[in-house]
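See below for the structure under consideration.
The values are calculated or read from the model by the stated rules, or taken from the named source; none is laboratory data. If you're wondering where the values come from, they're calculated on a predicted model, not measured in any experiment. Virtual Cβ from ideal backbone geometry, glycine too; neighbours counted across all protein chains shown.
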Amino acid sequence: MATNSELTGLIQQAAKMMKVEEALLTQILSNVGIHSEDEDVLTILRFLDFAETKDALTKAGVKSARLQAGWHILMGIPLEPKPQEGTLGSGTNGLVELIKSQRPASQWKTEELLAAYNEDCPEDVISELSRRAKDEPVIVFQEDGKVNAEASLALLKQVRSGGKIPDMYISKNADGSQCVTKTCRVNEWPMKTIDECPLHGDVVLAGGFCEKCQANWQGTSNVNRQIVRVASDVGVAPENPMAIISLIEEIEKGGANPLLKVPSVKLAWEERSKDGDLPKLTRRLSKDKKNADPFFYHKKY
């Protein structure tokens, strides 16, 4: 079982490495829940977040290299000599990666920032990319929604050299066709497609469910929903929830074509098909609408 003397020994070694008083390091650890009187203190110590103690130790004057080394002593990680001639010695990969992960984003290479950039990335990554981008639209997304790091890096370099950033970026698809992509500012994301209810255009479906219909349209295809919308536009559509549920069940079994037997629906459908004016039951929304064009994201030529 872990003993208080073991913790005391670790604190003594770490304090010596960091060049701080043992009492100070003991107090900093106590402030985040590492108490010497707890029998399971060494187990709890392994869950200590480096960031929780870093600021306090930095304010106490501990330099970065000694801070990292002292942290490893507390964690029971062996200290190994620095590899020579740019090579990594055995067992040092974890240490190198840990040190890299603790660097502030301002010290990251632009390639590293772009590799880490996504909707769930830390706020400091977004802030640092924004600073380097100077509020220019430098982020290029691929059709799968992932960042095109190569193109984005090129635009960031263009910003640094004072060049003007275009609103569009032209690249090649895998099939050789040309892809024109809207460039985005940092923290502006590719537009998401959401579905409208075929009977209630003011309602966005949540997992296929419409709160006005009190029914789920998820099992119906887009063309069947279009037929229902055309029927609704000419006044041929159920209104009460039970009738709507029955209609959906019929559509899921055999499609919505029976609605086209109604003359007014058939005529409206044929005319709108001929004019290329069939209902569009999807909307494209951007997470950040500040600079979003709701009608343009990717186009192929």
* Asked: How about region 236-274: which of its residues are within 21 Å of Asn216 (Cα to Cα) and loosely packed, with under 14 Cβ neighbours inside 10 Å?
  -> Glu239, Asn240, Pro241, Met242, Ala243, Ser246, Glu249, Glu250, Lys253, Gly254, Asn257, Pro258
* Does Glu143 satisfy the condition of being of a type in the set (D, E, K, R), surrounded by 14 or more Cβ atoms within 10 Å (Cβ to Cβ) and at pLDDT below 80? -> yes
* To do: Scan (1) more than 30 Å from Gly9 (Cβ to Cβ); (2) surrounded by 12 or more Cβ atoms within 10 Å (Cβ to Cβ); (3) at pLDDT below 85; (4) of a type in the set (Ser, Thr, Tyr) for the single condition Tyr117 breaks and write down its number.
  => (3)
